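A quick write-up on the structure given underneath.
The values are calculated or read from the model by the stated rules, or taken from the named source; none is laboratory data. These numbers come from a predicted model, not from an experiment. Here the Cβ positions follow ideal geometry from the backbone for every residue, glycine too, while neighbour counts run over all protein chains shown.
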Amino acid sequence: MKRILIADDHAIVRRGLRLLLLEEYPSAEIGEASDAETLINKIIQHEWDVVICDISMPGRSGLDALSQIKQMAPKLPVLIMSMYPEDQYALRVLKAGAAGYLGKETIHDDIIKAIHTVELGKKFITPTIAEKLAKAFEEDQSDQLHEKLSDREFDVFKMLASGKAVSEIANQFALSVTTVSTYRSRVLEKMGMKSNADLTRYALEKKLI
C-alpha cells in the first residue's frame, strides 16, 4: 500500500491533492500536515513513500523542513510544490535535496508523473527546469547576488523587494519583528546593498518580482 504525506497550510489544497491521488491510488494511505512541525513529527512516527510539501508555510518553511527530513530520512523523496515560478525556486529546491519541484498551477498535470519518477529513484525535472540547469552551468554566477542568500533570507529579500514592511513579513512567516530585521540586515550585507530600494531595483533587473 502506497503511503503519501501532504504538507500544506491550506486545507482546500490538501483536500484537492488527496482526491487527485486517490483517483490514481485508491488504496493509498494519505497523511496530512498543516505546518512543518506536524510534518516532521509524522515522518518520525511513520514510514512514507513520498512527501509532497508546500514551500511556504507559517513558521518554518518547506525548505527548512526539507533540510531536517534529508537528515532523518535521506532516501525519502520529497516533492516541493509552490505558487512561485520555476525559474525562481526550482534550482534552490533541487540543491537542497528535493526530488522535484511542482508549480501549483500545473500540479494537477504533473503530480502523478512526478510520483512515478521519484519512485524510480530519479528526480522529477520539467523541461523548463532542465533548461535552467543548463544555463546555470554556462553562465557566470558572480553577478547572481541573491544566490548567496539562505532560503529564508531569499524569502525575506523577495518580500522586501516587493515593498512589504518588516512587520508584514514577520506576520507572514510567524516570526518576530526583531528576527525579520536581522534577516534584512544579513540580506543587505550579503548583497552589498544599503536600502530596500536597492533590493527592489536588483529584483526587477533579475526578474525576481
- In the set GLU168, GLU119, GLU153, GLU189, which member is modelled with pLDDT of 90 or more and in contact with a strand residue (DSSP E or B) (Cβ under 8 Å, 6 or more places away or on another chain)? GLU119
- Note on the structure: Here the qualifying pairs (Cβ atoms under 9 Å; residues six or more apart or on different chains; first in the stretch 188-206 and at negative phi and in contact (Cβ under 8 Å) with a residue 60 or more places away in the chain; second in a helix (DSSP H, G or I) and buried (at least 17 other Cβ atoms within 10 Å of the Cβ)) come out as LYS206/LEU145; LYS206/HIS146
- Could you tell me whether ILE44 is over 20 Å from LYS123 (Cα atoms) and not in a loop (DSSP other than H, G, I, E, B)? yes
- Can you confirm whether the stretch 86-93 contains a residue that is β-branched (Val, Ile, Thr) and surrounded by fewer than 19 Cβ atoms within 10 Å (Cβ to Cβ)? no
- Got at least one residue in the stretch 11-30 being among the acidic types (Asp, Glu), under 27 Å from LYS95 (Cα atoms) and exposed (fewer than 14 other Cβ atoms within 10 Å of the Cβ)? no
- Message: Pull out all pairs, ordered by first then second residue, where Cβ-Cβ is under 6 Å, the residues are six or more apart or on different chains, the first lies in the stretch 75-98 and is assigned to a strand (DSSP E or B), and the second is at pLDDT 85 or above and among the acidic types (Asp, Glu).
- Response: MET81/ASP54
